[in-house]
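Below are the structure tokens for one structure; questions will follow.
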Amino acid sequence: MIFNFVDIGTSDFRYTIPSKHERGIYVEPIDFYLDSIEDYPNTIKARVAITDKDGTAPIYFVSPEKIKEYDLPFFIRGCNKIGEIHAAVERECKKRDILVSSVIQAEEIDCMTLETFINLYNISHICKFKIDAEGCDCKIVKQMVQLVREKAFSVDNVEFEINPMFTSPEEIEDTRCELAKNNYFLLPRPEQDTTPSNKYDVRFYFGAYKE
């Protein structure tokens, strides 16, 4: 099945708003963020996290109520991390002399690999693949490249975050090389048809194969 977009780690902001007749999937493991996204026609809400193995794992997050109560920055809504507390949450709490334990919540969530996900939803092609997974982005991109190489599915464009807070320069360069070796090319920002979600987002497109 062809999907116009798949958003991994949507939270409830900076997500793709479909045009008429577009088909897409929103992937978000935290209930109240996924539930707050409008029920657009031809879209699916997947309550799961894409990781390197199938199973469950704890995710640490700050609820919108706590963000408001402690006057934390809006971007904390997107600082949800599997297996550990997000560094930005710790930093913002420290700046305000707030105990992290007074704002943080943990919840056990379902996890699956990208291969399990595309098989579950019978995905054959994605036009725009957007990833914002707080440090897991490059790992998901590498899973994507492997599956594309194996012809499990195809992807036209992939956008993902390379925040140096979570991703080493070596992993970023390795991911870029994997994309380049498999005919994905960096799309320069001036030519992008939309503004990147944040300053750490990069976008690659699949180029025509050249002999």
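The values are calculated or read from the model by the stated rules, or taken from the named source; none is laboratory data. Here the structure is a predicted model, which is why all the values come from computation and not from measurement. Virtual Cβ from ideal backbone geometry, glycine too; neighbours counted across all protein chains shown.
State which residue pairs qualify: first residue closer than 20 Å to Cys111 by Cβ and inside region 57-84, second residue in a helix (DSSP H, G or I) in any location, beta carbons under 6 Å apart, and separation of 6 or more residues or different chains.
Cys79/Ala88; Cys79/Val89
Can I ask one more? In this structure, is Pro188 surrounded by fewer than 17 Cβ atoms within 10 Å (Cβ to Cβ), at pLDDT below 80 and under 14 Å from the mean Cα position of the chain (by Cα)?
For Pro188, the condition - surrounded by fewer than 17 Cβ atoms within 10 Å (Cβ to Cβ), at pLDDT below 80 and under 14 Å from the mean Cα position of the chain (by Cα) - is not met.
Pairs under 6 Å by beta carbon, first residue assigned to a strand (DSSP E or B) in region 144-160, partner of a type outside the set (A, V, I, L, M, F, W, C), six or more apart or different chains?
Ser154/His125; Asn157/Lys128; Asn157/Tyr205; Glu159/Lys130; Glu159/Asp201; Glu159/Arg203; Phe160/Asp137
Of these, Val145, Val103, which one is more than 18 Å from the chain's Cα centre (by Cα), surrounded by 13 or more Cβ atoms within 10 Å (Cβ to Cβ) and among the β-branched types (Val, Ile, Thr)?
Val103
Taking region 161-185 as the search range and keeping residues that are within 11 Å of Val141 (Cβ to Cβ) and part of a loop (DSSP other than H, G, I, E, B), which one is modelled with the highest pLDDT? Step through it out loud before you land on a result.
The initial filter retains those residues of region 161-185 that are within 11 Å of Val141 (Cβ to Cβ), namely 161-162, 167, 171-172, 174-176, 178-179, 182, 184.
When the remaining residues are screened for being part of a loop (DSSP other than H, G, I, E, B), the result is 162, 167, 182.
Numbers: Ile162: 82, Thr167: 82, Asn182: 90.
The selected residue is Asn182.
Further question: Could you please find all residues in region 7-44 being crowded, with 16+ Cβ neighbours inside 10 Å and part of a strand (DSSP E or B)?
Passing the criteria: Asp7, Ile8, Gly24, Ile25, Tyr26, Val27, Thr43.
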